[in-house]
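> Have a look at this one before I ask anything.
The numbers here are math on the coordinates, done by the rules we state, and not lab data. These numbers were taken from a predicted model, which means no experiment stands behind them. When we count neighbours, we look across all protein chains shown, and the Cβ atoms used for this are built from the backbone with ideal geometry, even at glycine.
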Amino acid sequence: MMYPKHEYIRSPKLLKAVRELSCQSCGSDHGVQAAHTNWGGGKGRSIKASDNHIAALCPTCHHAIDQGNLLDRDQRMKLWVVAHYRTVRKLAQEGKWPAEVPIPFDQQYEDIWNEEIYSQH
């Protein structure tokens, strides 16, 4: 069975804009990084996901989500998804999301985001 090849999105302009934000998980302004998803977006062995599947995270939050052993997989994914949606929304609202980069949609992320939003009410 043949699978269509994933078309990766690479955007230095987007990555730079993300690094200029505060951490979208804890609010820190220290060393914010563009953290790619580990759950989709074309992620594969030794291949980072597309650049539009990113979240603005400080080194501490990035490590906790990528390699941390204090959270289980679902908790790490939920933290990343919430930070991802906050990152996308903030850049789009500020007019800093590059027009040539599609805003990603992933049903799995959408379900987690909606669960998080509705659980706060």
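> Between Trp39 and Arg19, what is the spin-label point distance in nm, taking each point 7 Å from the Cα along the Cα→C-beta axis?
Spacing of the two 7 Å Cα→Cβ label points: 2.7 nm.
> Could you identify which residue out of Ile65, Ile103, Ile47 has the top mean-square fluctuation in a GNM of the chain using Cα springs shorter than 10 Å?
Among Ile65, Ile103, Ile47, the largest mean-square fluctuation in the Gaussian network model of the chain belongs to Ile47.
> Moving on. Using DSSP loop states and a limit of at most 15 other Cβ atoms within 10 Å to flag GluC sites (Glu not before Pro), what is the longest stretch of the chain containing no flagged site?
Segment 21-93 is the longest.
> Testing the spin-label approximation: label points 7 Å from Cα along Cα→Cβ at Ala99 and Gln67. State their distance in nm.
Label-label distance for Ala99 and Gln67, simple model: 4.1 nm.
> Right, here's the next one. Report the extension gain between Arg10 and Ala92 in nm, rounded to one decimal, defined as 0.36 nm multiplied by the number of residues separating them, less their alpha carbon distance.
Once the chain is fully extended between Arg10 and Ala92, it gains 27.8 nm.
> Sticking with the crude label model, points 7 Å out along Cα→Cβ, report the distance from Gln75 to Asp29 in nm, one decimal please.
3.0 nm
> Quote the charge dipole size of the chain about the Cα centre in Debye, to the nearest 20; the model charges only the Cβ of Lys and Arg (+1) and of Asp and Glu (-1).
Dipole size: approximately 420 debye.
> Work out which trypsin sites (Lys or Arg not before Pro) in the chain are exposed loop sites (DSSP not H, G, I, E or B, at most 10 other Cβ within 10 Å) and give the longest gap free of them.
46-121
> Here is a further query. Roughly speaking, what is the stretch gain from Thr60 to Gln107, that is 0.36 nm per residue apart minus the C-alpha to C-alpha distance, in nm to one decimal?
The Thr60-Gln107 span can extend by a further 14.2 nm.
> Extent of the stretch 12-119 along each principal axis, from alpha carbon coordinates, in Å, largest to smallest?
Principal axes ranked by extent give 35, 33, 31 Å for the Cα atoms.
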